[in-house]
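Visitor: This is the structure I want to talk about, given as structure tokens.
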Amino acid sequence: TNVSSKLFLQNLINDYKLSKSSILVTACFNKLDTQLYIDKFHIATAILNVLDNAVKYGSNKLKVSTKTLGNYFKITIEDDGIGVAKEHRQKVFEKFYRVENTNVHDVKGLGLGLFYVHQIIKAHGGTVDLHSAKGKGTTIIINIPI
Ligand code: ATP
Ligand code: MG
């Protein structure tokens, strides 16, 4: 379906904020309201997976920003959690991959969240990247073709 990127993300983030009252989410959307042709359910679920990871892995301050660059709509989700060490950075998108000994709150998971995110974004012809340094937070960058 065709959606307004601004409305779609604003609603998603507002709902998320309401469900997690102790989490601070700052949103910074690009002025241009780019139309996106996406599977709303799967893209929303993918973004929620990324937001949940940020919270699960130690962050209570998230920053979401968007930008339209050429033929791509870019969504950046930044957290100030525990980060991902270099040796794990590529592997976290693999099925069932989890990083050992980082269970800050003894967090449980299957290691499927980012695998799903990657599959969904790939199916839309886009890309997803993770930038991080251990102890310095994580940034997930999603690019979706317009
Ligand atoms: P699931 O999402 O299936 O419940 P999960 O969160 O462990 O389980 P993924 O979302 O695929 O699985 O993430 C894989 C691993 O990457 C996590 O176990 C965690 O170690 C690391 N990770 C993911 N996001 C972050 C983040 N924002 N900060 C720090 N580590 C992260
Ligand atoms: Mg997860």
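The values are calculated or read from the model by the stated rules, or taken from the named source; none is laboratory data. Just so it is clear, the model here is predicted, and its values are computed rather than measured. Positions of Cβ are backbone-derived with ideal geometry, glycine not excepted, and every protein chain shown enters the neighbour counts.
Visitor: Exactly one of (1) touching a strand residue (DSSP E or B) at 6+ places or on another chain (Cβ under 7 Å); (2) more than 25 Å from VAL99 (Cα to Cα) is unmet by ALA54. Its number?
Guide: Status for ALA54: all satisfied but (2).
Visitor: For the condition within 27 Å of PHE41 (Cβ to Cβ), within 12 Å of ligand 2 (Cβ to nearest atom) and modelled with pLDDT of 95 or more, what is the one hit in VAL107, VAL128, VAL117, VAL55?
Guide: VAL117
Visitor: Being part of a helix (DSSP H, G or I), under 13 Å from the mean Cα position of the chain (by Cα) and within 21 Å of ALA27 (Cα to Cα) is true for just one of LEU130, LEU62, LEU51. Which residue is that?
Guide: Just one listed residue meets the conditions, LEU51.
Visitor: Oh, and also: Mind counting the residues in region 43-81 that are in contact (Cβ under 8 Å) with a residue 60 or more places away in the chain and either polar (S, T, N, Q) or within 15 Å of ligand 1 (Cβ to nearest atom) (or both)?
Guide: The number of residues fulfilling the criteria is 18.
Visitor: Go through (1) among the hydroxyl-bearing types (Ser, Thr, Tyr); (2) part of a helix (DSSP H, G or I); (3) away from ligand 2 (no atom under 16 Å from the Cβ) and name the single condition THR45 misses.
Guide: Of the numbered conditions (1) among the hydroxyl-bearing types (Ser, Thr, Tyr); (2) part of a helix (DSSP H, G or I); (3) away from ligand 2 (no atom under 16 Å from the Cβ), the odd one out for THR45 is (3).
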